[in-house]
Structures are given as C-alpha cells and as structure tokens.
Amino acid sequence: MKQIRILMVCLGNICRSPLAEGVLRSMLDKNSFLIDSAGTAGYHIGDSPDKRSIWVGKQYGIDISSLKARVFVKEDFERFDYIFVMDKNNYRDVLSLSNSQEHKEKVFFLLDKLNTPMEMKELPDPYYGDEKDFISTYLAIKEACEVISSKLKI
Ligand code: 4NP
C-alpha cells in the first residue's frame, strides 16, 4: 500500500508545526505514514524547536528535540499528500507557491480536522506567549491529530 505523506506547516517551524509533527507521528504507523514539518519563513532554518515546545512535548511523552527547522518549498506540493497549516497567513503563503488546483486541494487547516466545508480555524502562534500558551497549543494539536489520524487510518 502507498505510504501517506503529511506535512505540518507554520511560520517559523519551531513552535507549532514541529509539535504537530511529533504528535501525529506518535499516533500513526511509521511504515504507512511519513510525517514532516516546515515553516513559511526562513528565520530559524536548521534550528531545534523552541525550548517551550520541546518542554511541553516532553510533559506528554513526545520527544521533538532532534527536529530541525526548514522552509516550505513548492516541491513539497509534489512530495506530500496532505499539507496542514496553522493559520490564515500560513495558508496564504503556502498557496502563493502553488500552481495548480490539485496542489491547492492538498492544503487544510489543522484545526479543521479534515472537516468540510473548510472553516479556516486558526491555531494562534504561541511564540510571544508563556508556558500556558504552549500547553493550550499542545492540547489543541493533540485533539486535532486524534481526529485526523482516526480519519486517515480508515
Ligand atoms: P511558529 O512560531 O510559527 O509556531 O514556529 C513562531 C516562531 C518564530 C517566530 C514567529 C513564530 N519568529 O518571528 O521568529
């Protein structure tokens, strides 16, 4: 069976999307699913996730400490089957690199949980927040990934 490839995208690829990558990966079979993440901006290329994302993941048994930030590139539309964005800016920036309807149809809002029609529910950036914001970010990601993983496993 063909492996399903999923990309999580946020702005910096250090707070939300690496957490989403780690959480979804923990819920899916490694042979059947490939999970990755990227940012729309290059501020943090090669950096580890934000300490607070590593910390909150660790609280819940998810180790994302070895991940490294990279930028979303247009080739990702070919490499991935599903591209999950966190907010409307991510959505706009990702779509600005797409050149076909087929590519556009791969892009979903994480918090929409593959529901249709698209609601464009946003997961706010916790970068300027505190640990509490990282905990609520984690919990929102976990809830969305539970729904998405159960839909994709069928
Ligand atoms: P992320 O959060 O998009 O969830 O990784 C951010 C990380 C860094 C910056 C902005 C958002 N920054 O401006 O450096």
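Some values worked out for this structure:
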quantity: Violating pairs (Cα-Cα greater than 18 angstrom) within the set 113/142; 30/121; 2/151; 51/121; 2/153; calculated: 30/121; 51/121
quantity: Accessible-area ranking of 139, 111, 19, largest first, probe 1.4 Å; calculated: 139, 111, 19
quantity: Mean ellipticity per residue at 222 nm, deg cm²/dmol - from DSSP H runs of n ≥ 4 across the chain, formula -39500 (n - 2.57); calculated: -11500 deg cm²/dmol
quantity: Sulfur and carbon atoms: percent of accessible area, segment 4-152 [1.4 Å]; calculated: 51
quantity: Alpha-carbon centroids, segment 115-149 and segment 32-52: separation in whole Å; calculated: 16
quantity: Kyte-Doolittle mean at least -1.0 and Cα axial length at least 20 Å: DSSP H helices in the chain; calculated: 131-153
quantity: Shape category assigned to segment 1-67 from the gyration tensor of Cα positions, a/c cut at 1.5; calculated: oblate
quantity: Share, in percent, of DSSP beta bridges within the chain that are antiparallel, nearest 5; calculated: 0
quantity: For residue 12, net neighbour charge (Lys/Arg +1, Asp/Glu -1) across residues whose Cβ lies under 14 Å away; calculated: -1
quantity: Residues of the chain: accessible area per residue with a 1.4 Å probe, Å²; calculated: 52
quantity: Measure of compaction for segment 4-152 (Cα Rg per 2.2 N^0.38 Å); calculated: 0.94
quantity: Charge context of residue 21, other residues only, Cβ under 14 angstrom, K/R +1, D/E -1; calculated: +3
quantity: Cβ-based net charge around residue 53, under 15 Å, with every Lys or Arg adding one and every Asp or Glu removing one; calculated: 0
quantity: Where trypsin sites (Lys or Arg not before Pro) in DSSP loops with at most 16 other Cβ within 10 Å are excluded, longest remaining stretch of the chain; calculated: 75-120
quantity: Rule-of-thumb Rg ratio for segment 90-154 [Cα; 2.2 N^0.38 Å; N residues]; calculated: 1.28
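The values are calculated or read from the model by the stated rules, or taken from the named source; none is laboratory data. Because the structure is predicted, anything quoted here is derived from the model rather than measured. Glycine gets a Cβ as well: all are built from the backbone with ideal geometry, and neighbour counts include every protein chain shown. Just so you know, the surface numbers come from the protein's heavy atoms only, side chains and all, with ligands and any DNA or RNA stripped out. Shrake-Rupley method; radii C 1.70, N 1.55, O 1.52, S 1.80 Å.
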